[in-house]
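Reading through the structure tokens given below for one structure.
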Amino acid sequence: MKKKIVVVGNGMVGYKFCEKLVAKDTNGSFEVVVFGEEIRPAYDRVHLSSFFSGKTAADLSIAPVQWYADNGIVLHLSDPVVDIDRTAQTVRSHHGVVAQYDYLVLATGSAAFVPPIPGVEKDGVFVYRTIEDLELMQAHAQKAKKGAVIGGGLLGLEAAKALLDLGLQETHVIEFAPRLMPRQIDEAGSQLLQAKLESLGLKIHLNKNTQQIEGEEAISAMKFADGMTLDVDMLVISAGIKPRDEIARVAGLEVGVRGGIVVNERLQTSDPAIFAIGECALAHQMIYGLVAPGYEMADVVVHFLTDGDKTFKPYDMSTKLKLIGVDVASFGDPFVQEPHAKTIVYENSSKGIYKRINVSNDGKYLLGGILIGDAEQYNMLLQNVKNKTLLPPDPEDLVLGARGGKEEAGSGVLSLPDDALICSCEAITKGAIVEEVKAGNNTLDAIKKCCKAGTGCGGCVPMVKDLINETMKAQGVYVRNVICEHFDYTRQELFDLIKIKGYKTYNEALADLGKGDGCEVCKPAVASILASLWNELILAKGNDTVQDSNDRFLANIQKNGTYSVVPRIPGGEITPDKLIAIGQVAKKYSLYTKITGGQRIDLFGAHVSDLPNIWEELIEAGFESGHAYGKALRTVKSCVGSTWCRFGVQDAVSFSIQVEERYRGLRAPHKLKSAVSGCTRECAEAQSKDFGIIATEKGWNLYVCGNGGVKPQHALLLASDVDTETCIKYIDRFLMFYIKTAEPLTRTATWLNKLEGGINYLKAVVIDDVLGLGEQFEQEMDLLVEAYKCEWKEVVNNPALRKRFTHFVNAPTVKDPYAKFEPMRDQIKAAEWTK
Amino acid sequence: MNYTSEETLVWHKACAVDDIPADGGACALIEGEQIAIYNFERRGEWYATQNLCPHRQQMALSRGMIGSTGASQEPKVACPFHKKTFSLKTGACLSGDDYQIKTYPIKIEEGFVFVSL
């Protein structure tokens with residue numbers, strides 16, 4: 001007879017319970033029914049604020065509805081449980097569904113705590129808990145200008161970030177306490193955080209007691225106890241949480257004085273057949289408002305139900321997060337001070353960094369601390385606290401790094417005890433990860449797959465990577481970044497081998513140098529090497545199907561399966577006639593047009609079967625491929641320079657056209673961007689490019705390895721005041737050196753960061769020619785430049801290649817009916833994708 | 001592999017063998033459904049799956065790169081959108097998600113590709 005389990009609540013913890021039970025209950029001894037109040041299945045509430053920075057509800061989803069069905073779980077959504085009959089052991093839902101249980105798991109979570117301020121019911125006042133709350137906020141924000149958040153704690157600052165992302169003109173944070181995040185960080189840290197957040201545009205008010213929310217129907221102002229008034233048209237209340245214990249109360253279960261369902265260390269409520277987990281549970285007289293302890297609770301109950309023995313211990317509430325781009329971490333006991341401990345503080349207000357560690361009086365153990373502005377050491381420090389690791393003689397090295405030529409202080413990941421918890425979301429220890437690595441799961445993906453470490457919040461991923469590398473090194477394995485399971489070579493080795501053997505196709509390389517049938521990692525990597533070596537048409541010789549999708553169709557695939565088209569516009573210079581030609585093509589094929597960040601025009605929404613026709617017309621009008629789809633040179637941006645600008649000292653446009661036409665179509669391990677500025681004012685933003693050139697009175701300054709993107713990095717000066725010819729020579733050498741030595745999909749900035757000797761070594765190779773390869777690099781580049789052909793021109797003139805550009809091979813004129821569009825601002829956009 | 005000779009199967013002519021690029025895929029419209037057909041030439045094998053990637057519901061699998069993985073050399077396709085990979089034999093998702101795609105019996109006769117839905 002199967003045991004019946006009813007789970008009330010389908011949030012992150014409720015879902016985790018189901019996931020863990022499914023994994024443990026291999027012989028199917030349970031029947032599980034889940035009731036959720038929201039319309040969606042469980043989603044990632046921790047990253048809720050990313051909803052406003054572009055993530056969709058689908059991105060936040062944890063598992064689709066299908067997952068529940070596949071695992072035999074009955075899921076009732078939009079249907080909260082309203083009543084528990086403990087005698088009959090049944091629950092009844094809002095829609096009248098009655099379900100029998102042997103065990104009942106309450107995972108009802110928490111709601112926002114809304115203080116009883118007169119006026120909270122007015123329009124424009126929100127709480128911040130669910131996707132529905134966010135959608136309401138989003139709608140309201142369109143007509144709002146000034147917003148405020150009540151609550152300067154962790155959740156309040158998250159909500160403030162949301163208001164910033166929503167584009168409000170002013171965002172105010174109202175905190176009752178005299179400092180921000182009073183539960184996690186100390187006075188000094190708080191002041192520094194406040195300064196940093198204020199510099200990012202938040203207006204912060206401390207010691208403020210909101211007395212009244214004013215306005216007719218909708219909020220117009222807030223009035224405070226000190227007499228101050230603040231005009232706002234939007235307010236988010238994020239002043240804390242309140243456990244959802246209503247049905248437990250009605251059912252007569254014991255609840256805490258200030259709310260929360262009382263549980264023992266097996267998470268049983270006062271009725272032993274009923275459990276409570278997550279933010280609705282009051283365990284050890286505490287509500288645990290983080291997801292990691294909630295997951296641990298789920299695990300404890302699953303152990304109990306599957307005859308395991310595990311108890312819930314008081315849980316460490318250390319936390320690290322990024323608040324509006326500022327790292328904040330608090331671990332162990334952050335506040336302990338003299339006479340109970342010694343405190344070491346490092347503060348650098350110009351850089352916005354504050355670090356405090358609390359050390360036991362005997363100097364042996366770390367008790368806790370606070371990190372603001374730079375929390376890179378958080379994982380190691382937390383492990384030190386949890387495992388009572390003996391501290392080095394100078395504990396300040398832990399936060400300052402070793403000074404004075406010694407090895408880095410503290411202890412590497414391998415010195416942690418085996419039971420050190422590395423991934424707290426999934427409760428994976430160091431020992432477990434090391435065992436998996438030894439068993440052959442020695443990549444991050446393999447670890448994620450075999451034990452789920454790093455799949456939750458992702459915070460432990462750097463540590464997991466270190467553990468993999470260190471474990472392999474400890475085993476005497478020389479750690480090489482080989483391409484994939486099919487090629488046991490690094491990219492640099494493969495590059496040299498393919499060159500020496502003169503291979504021109506992927507299949508030749510695989511037959512001789514690899515094994516198996518290849519995959520989506522090695523195919524484009526080898527394709528890129530072939531293109532960098534020979535610059536032949538990438539779709540010829542059977543290499544078409546080893547190209548990544550964008551290269552295979554010479555266009556960028558977009559959300560609904562249609563493509564975007566970017567003609568090359570060197571230096572961003574374009575004649576009126578060519579502008580008209582682009583407009584005519586866009587009109588004819590109903591394309592959405594947008595100016596790109598690289599001074600070009602992108603045409604979106606092209607059906608795959610229209611691509612050759614579109615290009616035929618663009619080529620006719622004098623355009624050529626812009627290679628926006630390739631890991632290749634994209635664009636060389638320019639400012640107008642000395643031809644028009646009263647400050648310009650050199651002709652930046654002419655030089656950028658010269659540079660773009662020299663390197664157009666050059667394929668590399670990753671995309672390449674460039675720019676030329678006509679004077680030191682740097683309007684072309686050359687210092688954010690892979691190679692950037694800035695005019696000087698005497699010639700050009702050449703900067704290399706800059707990057708925008710995820711991790712912006714300024715380019716570094718490689719050569720100054722060089723003439724045009726020398727500048728090109730240095731770029732040739734720099735690019736060839738990068739193309740030959742970088743790992744796949746590594747931008748120049750990351751490549752330089754890993755290059756031993758850094759920019760000084762790069763200067764030695766490019767300028768001083770210490771490798772003696774300078775001339776060879778230049779010749780190789782000359783060959784690539786000579787071999788350049790516009791690949792779209794070749795396709796347009798080749799009927800066999802053109803034929804491949806169809807959606808249905810057996811119905812070439814039929815377009816994909818799934819490629820749907822929606823109107824927006826007089827143009828179209830891709831229909832939103834669903835999950 | 002989905003070769004089968006059961007007489008109960010209804011075969012639909014999808015396209016000519018030459019329509020599908022070597023070691024790649026293309027999509028055919030069969031009975032109103034979008035079917036991805038793969039010509040795994042280096043292994044002398046053919047596969048057919050649904051064209052829809054279940055991850056973001058995009059009609060794209062036929063444009064993905066194919067290959068193999070593991071000691072058993074499981075044939076697979078990677079969706080061009082987010083590189084979710086699926087077994088061409090079983091349709092199981094190989095990149096750690098709970099997705100499953102449909103696979104179809106396929107056969108080659110006299111230069112043409114036939115699929116049974």
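So what are the radius of gyration and Dmax for the Cα set of the protein assembly as shown, in Å?
Taking only Cα atoms of the protein assembly as shown, I get Rg and Dmax of 30.7, 91 Å.
Report, as a whole number in µm² per second, the diffusion coefficient that Stokes-Einstein gives for region A:491-547 at 4 °C and 1.567 mPa s using the Kirkwood radius over alpha carbon pairs. Numbers along the way, then the final one.
Numbers: Rh = 11.0 Å.
The Stokes-Einstein estimate is 117 µm²/s.
Could you work out the relative contact order of region A:125-239, using alpha carbon pairs under 8 angstrom and six or more residues apart, expressed as a whole percent?
Values: 217 pairs, mean separation 38.3, N = 115.
Reported relative contact order: 33 percent.
Run the numbers on chain A and let me know its relative contact order in percent, using alpha-carbon pairs under 8 Å that are six or more apart.
Numbers: 1642 pairs, mean separation 55.6, N = 835.
Reported relative contact order: 7 percent.
Of the beta bridges DSSP finds with both residues in chain A, what % are antiparallel, to the nearest 5? Each step should come with its number before you reach the end.
Values: 72 of 116 bridges.
Here the antiparallel bridges make up roughly 60 percent for chain A.
Between residue A:224 and residue A:443, what is 0.36 nm times their sequence separation minus the Cα-Cα distance? Round to one decimal in nm. Don't skip to the answer; put the middle values down first.
On the way: separation 219, 0.36 × 219 = 78.84 nm, distance 5.55 nm.
Between residue A:224 and residue A:443, full extension yields 73.3 nm more.
Enter the angle in degrees (range 0 to 90, nearest 10) between the Cα long axis of helix A:724-741 and the first principal axis of the Cα atoms of chain A, meaning the one along which they spread out most.
50 degrees
In whole Å, how far is the Cα centre of region A:615-652 from that of region A:1-76?
51 Å
Working from Cα positions, state the angle (0 to 90°, nearest 10) between the long axis of helix A:461-474 and the longest principal axis of chain A.
With both axes taken from Cα atoms, the answer is about 70 degrees.
What are the extents of the Cα atoms of region B:15-116 along their three principal axes, in Å, largest first?
39, 33, 19
If you take the beta carbon distance between residue A:216 and residue A:111 as r and set R0 to 30 Å, what does 1/(1 + (r/R0)^6) give as a FRET efficiency, to the nearest 0.05? Before the final figure, lay out the partial values.
Working: r = 27 Å, r/R0 = 0.91.
Efficiency, from the Cβ-Cβ distance: 0.65.
Report, largest value first, the span of the C-alpha coordinates of region A:421-479 along each principal axis, in whole Å.
Result for region A:421-479: principal-axis Cα extents of 31, 18, 17 Å.
Find out how many positive minus negative residues lie around residue A:597, taking Lys and Arg as positive, Asp and Glu as negative, among other residues whose Cβ is under 12 Å from that of residue A:597. Each step should come with its number before you reach the end.
Values: positive: A:594, A:600, A:634, A:637, A:673, A:689; negative: A:602, A:685.
Combined, the nearby Lys, Arg, Asp and Glu give +4.
What range in chain B is the longest one free of GluC sites (Glu not before Pro) that are in a loop by DSSP and have at most 16 other Cβ atoms within 10 angstrom? Please list the in-between numbers first.
Numbers: sites that count: B:6, B:7, B:31, B:110.
Result, exposed sites excluded: B:32-109.
Over region A:421-479, what is the relative contact order in whole percent, taking alpha-carbon pairs under 8 Å and six or more residues apart?
35 percent
Mind checking the per residue accessible area of chain B for me, 1.4 Å probe, whole number of Å²? Intermediate values should be presented prior to the final figure.
Working: 4610 Å² over 117 residues.
Here the residues of chain B average 39 Å² of exposed surface.
Wrap a convex hull around the Cα atoms of region A:499-651, take a quarter of its surface area, and give that in square nanometres. The partial results should precede the final answer.
Details: hull surface 47.1 nm².
For region A:499-651, the mean projected area of the Cα convex hull comes to 11.8 nm².
State, to one decimal in nm, how far the label point of residue A:102 lies from the label point of residue A:209, with both points 7 Å from Cα in the Cβ direction.
Rounded to a tenth, the inter-label distance reads 5.5 nm.
Restrict the search to region A:279-370; then list the trypsin sites (Lys or Arg not before Pro) that DSSP places in a loop and that have at most 11 other Cβ atoms within 10 Å of their Cβ. Don't skip to the answer; put the middle values down first.
Values: sites: A:310, A:320, A:322, A:342, A:351, A:355, A:356, A:364; in loops: A:310, A:351, A:364.
Counting only loop positions with at most 11 other Cβ atoms within 10 Å, the trypsin sites (Lys or Arg not before Pro) in region A:279-370 are A:351.
Using the Cα centre as the reference, give the magnitude of the dipole from point charges on the C-beta atoms of region A:125-239 (Lys, Arg: +1; Asp, Glu: -1; all else neutral), rounded to the nearest 20 debye. Please report the intermediate quantities before stating the final value.
Numbers: 11 positive and 16 negative charges, 54 e Å.
In debye, rounded to 20, region A:125-239 gives about 260.
Subtracting the Cα-Cα distance from 0.36 nm times the residue separation, let me have the gained length for residue A:721 to residue A:644 in nm, one decimal. Before the final figure, lay out the partial values.
Values: separation 77, 0.36 × 77 = 27.72 nm, distance 2.21 nm.
Full-extension gain reported as 25.5 nm.
If I measure Cβ to Cβ between cysteines in chain B, which ones have no partner under 4.7 Å?
B:15, B:27, B:93
Taking the Cα centre as origin and putting +1 on Lys and Arg beta-carbons and -1 on Asp and Glu beta-carbons, what dipole magnitude results for chain B, to the nearest 20 debye?
Values: 11 positive and 14 negative charges, 102 e Å.
Magnitude of the dipole: close to 480 debye.
With r defined as the distance between the Cβ atoms of residue B:97 and residue A:45 and R0 fixed at 35 Å, what FRET efficiency is calculated, to the nearest 0.05? Could you put the intermediate results ahead of the total?
Working: r = 20 Å, r/R0 = 0.59.
The computed FRET efficiency comes out at 0.95.
Local charge sum around residue B:96 (other residues, Cβ-Cβ under 14 Å, Lys/Arg +1, Asp/Glu -1)? Walk me through the intermediate numbers first.
Working: positive: A:448, A:449, A:452, B:76, B:83, B:84; negative: A:19, A:426, A:445, B:97, B:98.
Taking every Cβ under 14 Å from that of residue B:96, the sum is +1.
Go ahead and run the numbers for FRET between residue A:584 and residue A:794, Cβ-Cβ distance against an R0 of 22 Å, rounding to 0.05. Walk me through the numbers before you get to the answer.
Working: r = 24 Å, r/R0 = 1.08.
For R0 = 22 Å, the calculated efficiency reads 0.40.
Cα axis of helix A:291-305 to longest principal axis of chain A: angle in degrees, 0 to 90, nearest 10?
60 degrees
Residue A:492 versus residue A:753, label points 7 Å from Cα toward the beta carbon: distance in nm?
So the label points at residue A:492 and residue A:753 sit 1.9 nm apart.
Can you list the lysines whose alpha carbon is less than 16 Å from that of residue A:499, not counting same-chain residues fewer than 8 positions off?
Candidates past the 8-residue exclusion: A:740.
Which one of A:234, A:177, A:210 has its Cα pushed farthest toward the positive end of the charge dipole of region A:125-239, where Lys and Arg give +1 and Asp and Glu give -1 at the Cβ?
It is A:177.
Write out the trypsin sites (Lys or Arg not before Pro) in region A:9-80 meeting two conditions: DSSP loop, and at most 12 other Cβ atoms within 10 Å of their Cβ.
For trypsin sites (Lys or Arg not before Pro) across region A:9-80 that sit outside H, G, I, E and B with at most 12 neighbouring Cβ atoms in 10 Å, the list is empty.
Over region A:697-785, what number does the Rg to Rh ratio reach, with both radii from the alpha-carbon atoms and Rh per Kirkwood? Working shown, then result.
Values: Rg = 13.0 Å, Rh = 13.5 Å.
With Rg and the Kirkwood Rh in hand, the quotient comes to 0.96.
Could you bin all the Cα-Cα distances of region A:73-216 into 5 Å bins starting at 0 and give me the percent of pairs in each, rounded to whole numbers?
P(r) over region A:73-216, rounded to whole percents: 2, 8, 15, 16, 14, 11, 9, 8, 8, 6, 3, 0.
Based on alpha-carbon centroids, what's the gap between region A:728-782 and region A:319-386 in Å, whole number please?
Taking the Cα centre of each part, region A:728-782 and region A:319-386 sit 41 Å apart.
Do any trypsin sites (Lys or Arg not before Pro) in region A:629-679 lie in a DSSP loop with no more than 10 other beta carbon atoms within 10 Å, and if so, which? Kindly include the intermediate steps, with their values, before the conclusion.
Working: sites: A:631, A:634, A:637, A:646, A:662, A:664, A:667, A:671, A:673; in loops: A:631, A:646, A:664, A:671.
Hits after loop and neighbour filter: A:646.
What does a probe at residue A:390 reach in region A:417-460, counting residues whose amide N is under 11 Å from the point 7 Å along Cα→Cβ?
Flagged as within label range: none.
Which of rounded, prolate, oblate describes region B:52-91, given a ≥ b ≥ c as roots of the alpha-carbon gyration tensor eigenvalues and a/c under 1.5 marking rounded, otherwise prolate only if a/b is larger than b/c? The partial results should precede the final answer.
Values: a/c = 2.42, a/b = 2.06, b/c = 1.18.
The shape class here is prolate.
Among the lysines, which fall within straight-line cross-link reach of residue A:689, defined as a Cα-Cα distance under 17 Å, with same-chain neighbours fewer than 8 residues apart omitted?
Cα-Cα hits under 17 Å: A:631, A:637, A:671, A:673, A:711.
In nm, what is the difference between 0.36 nm times the number of residues separating residue A:778 and residue A:286 and their Cα-Cα distance?
Values: separation 492, 0.36 × 492 = 177.12 nm, distance 6.82 nm.
Roughly 170.3 nm would be gained on extension.
Sticking with the crude label model, points 7 Å out along Cα→Cβ, report the distance from residue A:680 to residue A:696 in nm, one decimal please.
Taking the two extended label points, one gets 1.0 nm.
Out of the DSSP beta bridges found with both residues in region A:633-787, what percent are antiparallel (nearest 5)?
So the antiparallel bridges in region A:633-787 amount to around 55 percent.
Using helices alone, I'd like the mean residue ellipticity at 222 nm for chain A: each DSSP H run of four-plus residues gives -39500 (n - 2.57), total over residue count, nearest 500. Kindly include the intermediate steps, with their values, before the conclusion.
Numbers: 26 runs with 254 residues, N = 835.
One gets -9000 deg cm²/dmol as the mean residue ellipticity at 222 nm.
Kindly sort A:424, A:350 by accessible area of their heavy atoms, largest first, with the probe set to 1.4 Å. Can you show the working numbers first?
Working: A:424 45, A:350 110 Å².
In descending accessible area the options line up as A:350, A:424.
Under unit Cβ charges (Lys, Arg +1; Asp, Glu -1), what dipole magnitude, rounded to 20 debye, does chain A have relative to its Cα centre?
Values: 93 positive and 107 negative charges, 120 e Å.
Dipole size: approximately 580 debye.
The values are calculated or read from the model by the stated rules, or taken from the named source; none is laboratory data. These numbers come from a predicted model, not from an experiment. Methodologically, a virtual Cβ is constructed for each residue, glycine included, from the backbone with ideal geometry; neighbour enumeration extends over all protein chains shown. Only protein heavy atoms, including side chains, enter the accessible area calculation; ligands, DNA and RNA are left aside. Shrake-Rupley method; radii C 1.70, N 1.55, O 1.52, S 1.80 Å.
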